[in-house]
Each structure stands twice: as structure tokens, then as C-alpha cells.
Amino acid sequence: MRKDRALKAVIGLASLGLILVMPSETARAESSIPAEQGVAGITYSLDNYYVSVADQETEAAEEKLSTILLTEILSPYRNLGVSIADSYVNIRKEPNTESEIVGKLYRGCAADILEHLDGGWVKIKSGDVEGFIASNYLAIGKAAESMVDEYATKYATVDTTTLNVREKQSTDSKILTQIPIGETYVVVKEYEKWAEILLGNGDDSQSDFTGFVSKDHIHIDVEFKFAISIAEERAIKKAQEEAERAERERKEKLAREQEAKRKAEEAAKKAEEQRKVAEKQQNSSKNNSSSSSSSSSSTPSKPSKPSSNVGALQQEIVSYALKFVGNRYVWGGESLTNGADCSGFIWRIYKDFGYSLARVSADQAASAGRKVSLSERQPGDLLFYTNSSGRVNHVAMYIGNDRIVHAANSRQGIITSKYNYRDVYRVRRIVN
């Protein structure tokens, strides 16, 4: 009985392409299957559960062996722990609850397990944080692998110069766009030969805009989020506060500029009214030459419009937009700090500088500023992209060096990308 179950375990693993040592000398002698080199300590595991185990204990031993095989052999996540804490678990400097907190591992974030200790503690490293955590807060091995779809993100990176993105899983399918080498996209779903990638979230609907790429021309990485150190947590909080302050100060400056403009316009209007009164009085005078001379010398001039450095203003707008990288994407949102969609992000940035744009990307593409060619693009220009039906559904701001800033999608939020991560449909310039 023991021999039969041992053989079933080995044959089952062999079907997965794993070559294992037979469980014992007796089993090897009675089996026609030759012994091979052990894999990842499996010899010890098999011997531990099949050598000198009584028949009545075989079933329990087999269950334990199954757990070991799944965790230590079949799972590539056998040394990975994923937090299952309700919110987060503290990472300690030493393996006890009285020790200094050096970081936090939020639910769904991953850590490399460096060492198992007595007392239910493990030593871990996650991102830049290294310390100790109670093992009952971690899913390990196959349990961690089962959390990939929920908490990890798969990224496809293009390995060929230009890759076609198809509407369906076929080389005969419609080409949606062409994407450049080195650019990385979120994988929505993997198939045998194709990967469905996220091209963006448009402002025309809440659904993802996706397409299919051949897996022959990409490589896929699985990435969990890591722990954050106490210093990083403080830095994140500081960055958020600075973004909020920048938005507040920009609005206050705009209010001052608009008030100054209003007063200047009122003064100019009053001066024009006074000029007309004076001119009327002079024209009614009987002494035409004197009146004419007086009119000429007393006519106040219109205030000159202050010159503006267009390039400096464009760069100020770009710098302002970059302060909000890392913030959330929210469909229909217009907040730079609490969430915006692509056109809401652009609309708000330019509104804070006193420009009035249409709210959605399709209307912005038709009416915002003036149209320029892609080769003439400058920082601050708006770049527009279309969906599979050819309708504009996404907008980004060009920031220079072939890159854009945009509210990309619900998974990545506000990010920077290569400007040609999708085919550019149109370019418009707001600041002239």
C-alpha cells in the first residue's frame, strides 16, 4: 500500500516534468522506475513521510507530502509571503512585539522570506525594508500563488521594434495601434499565445480599452507591491501634502492674477470713458485748432499688454502637472489630488492657469487651442488618442523628451509614459 501510493505521487509529479528520487531503498528495489537526482530537497521530504510509516498512518503522511510538494516543488512562490492582514502588519527590527517598527506590510503586499524562526516569526525583506514578522500574517507558497490575480499586477514589455496590437487573437484581426520597443503595459489576461493588454481608460466610458499582442514578442513580469518603511510612509505623506499645497497656491495665485486683470480692465474702461467725454467736450469747442491740439495731447493711451514668456509658462504648466504623478485615476473625476480621468486631469491643470477648455477629450481635440503637427510638439501641448472605433477617448500632456504625463487608467493612475505608447491622433497647443 505504501509503495503504490508513493509511486502514484512520483508518477503524478513526473507528468508535470519533475524528476524525483524514489522514496526509499525498498521502493526503489520493487519499482522499475530508475532513481534520479533529487529536486529542491524532495529526497528528504519523501523519506520523512514514506520510510517506516505504518499503513494506518500512510493517508495522513500522504496528505502532508502533498502539501510539501505543492509548496516546495510546484510553487514558484515557495519563498514568497503575501500579507493577509486586515489592513497591514508591522515589520519589527527584532522578532518580538516590543521591538521597533521599521515598516508596514499592507494586505496583498509581498515579501521574500529569508529565514524561519522559532516562535512563529519569519525574517523577511520587502522592497527596502528588512525585518521580522509573525508568520500567521503571511500566505506562503501555493497560498501566496492563489493571491496573484487579486493583488499582483502582470506587466508585458515589448521586445520588438514595433508591435501590432490586434482587436482579436489573430494576425488577421484589425490592428488597433502599434507600440514601441521597451514600453510596458498592464496585462489584463493571459492566453496560450496571446496577452490582452490595457491600452488605457477612456473618458467616454468606464470600460478598459484593451487589445491583444503575441506573446512571442513580449516578456511578462509579475509584480506585487512591497512594504513601505516608516521613512517612505512619511515621504509619501509629505509628497501628498506638497501636492495639495501646490494646488492651493496655484489657485490662490490665479485668483490674484484674475483680480489684477479685472482691476486693470476696469481702469482701462474708465480711462476710455474719460477719453470719450474729453474728446466730446473738445469737439464742441468753437476753437477747432485749439480743440484739436488739446484733444491730441490729452488723449490717454491704452495700457500696454505685458509681454509673457510663452516657453516659461509652458514649462510652469508642465512642472505643475508633474506634481500629481502617482495620484489616482477616477472616471469622471476632476481633482488633481483625489482623482481625475484623463480629460479631467488636463481640464483642471489648464483651469488652474486661467484657461477654459472643454471637459471631455473628444471636444478638447476639436476645439482646444490650435492644431499643430506631431513633429512640432512642445511641452504643454495636448496629445490625443482614439479607441478601436476611431473616436477620441484619451488625452495626455506632452512634457518633453518624447514623454507625456496623463491619467492613464484605474490600475496605474497618473503616470508618465512614452508619447507613442499608442498612435497619436492629433496635437493641439493651448499656450501660444
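Structure values in brief
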{"item": "Every residue from the stretch 184-197 that is within 16 Å of the chain's Cα centre (by Cα), open to solvent by less than 20 Å² (accessible area, probe 1.4 Å) and not aromatic (Phe, Trp, Tyr)", "result": "186, 187, 197"}
{"item": "Selection count where residues are more than 19 Å from residue 87 (Cβ to Cβ) and either open to solvent by less than 40 Å² (accessible area, probe 1.4 Å) or free of Cβ contacts under 8 Å to residues at least 24 places away in the same chain (or both), scope the stretch 133-142", "result": "1"}
{"item": "Exclusive hit being closer than 24 Å to residue 356 by Cβ and touching a residue at least 12 places away in the same chain (Cβ under 8 Å), set 263, 251, 269", "result": "251"}
{"item": "Near pairs, Cβ below 6 angstrom, 6+ apart or cross-chain, from the stretch 169-187 (without any contact (Cβ under 8 Å) to a residue 60 or more places away in the chain) to any residue that is among the basic types (Lys, Arg)", "result": "173/166; 187/154"}
{"item": "Residue ID - surrounded by the fewest Cβ atoms within 10 Å (Cβ to Cβ), chosen from residues in the stretch 198-233 that are of a type in the set (D, E, K, R), modelled with pLDDT under 90 and part of a helix (DSSP H, G or I)", "result": "233"}
{"item": "Entirely in the stretch 381-432, the strands (runs of 3 or more DSSP E) that have 3 or more residues that are open to solvent by less than 30 Å² (accessible area, probe 1.4 Å) and farther than 22 Å from residue 188 by Cα", "result": "382-386, 392-400, 426-429"}
{"item": "Among residues of the stretch 175-195, those that are in a strand (DSSP E or B) and either under 19 Å from residue 387 (Cβ atoms) or not polar (S, T, N, Q) (or both), counted", "result": "14"}
{"item": "Search result, residues across the stretch 90-120 that are in contact with a Ser or Thr (Cβ under 6 Å, 6 or more places away or on another chain), surrounded by 20 or more Cβ atoms within 10 Å (Cβ to Cβ) and assigned to a strand (DSSP E or B)", "result": "103, 105, 111"}
{"item": "Failed condition for residue 164, given (1) open to solvent by 70 Å² or more (accessible area, probe 1.4 Å); (2) touching a strand residue (DSSP E or B) at 6+ places or on another chain (Cβ under 6 Å); (3) over 30 Å from residue 104 (Cα atoms)", "result": "(1)"}
{"item": "Any hit, the stretch 239-249, residues being open to solvent by less than 30 Å² (accessible area, probe 1.4 Å), under 30 Å from residue 109 (Cα atoms) and assigned to a helix (DSSP H, G or I)", "result": "yes"}
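The values are calculated or read from the model by the stated rules, or taken from the named source; none is laboratory data. Keep in mind that this is a model prediction, so the values were computed, not measured. Glycine gets a Cβ as well: all are built from the backbone with ideal geometry, and neighbour counts include every protein chain shown. Areas reflect the complete protein model, heavy atoms only, side chains present, ligands, DNA and RNA absent. Shrake-Rupley method; radii C 1.70, N 1.55, O 1.52, S 1.80 Å.
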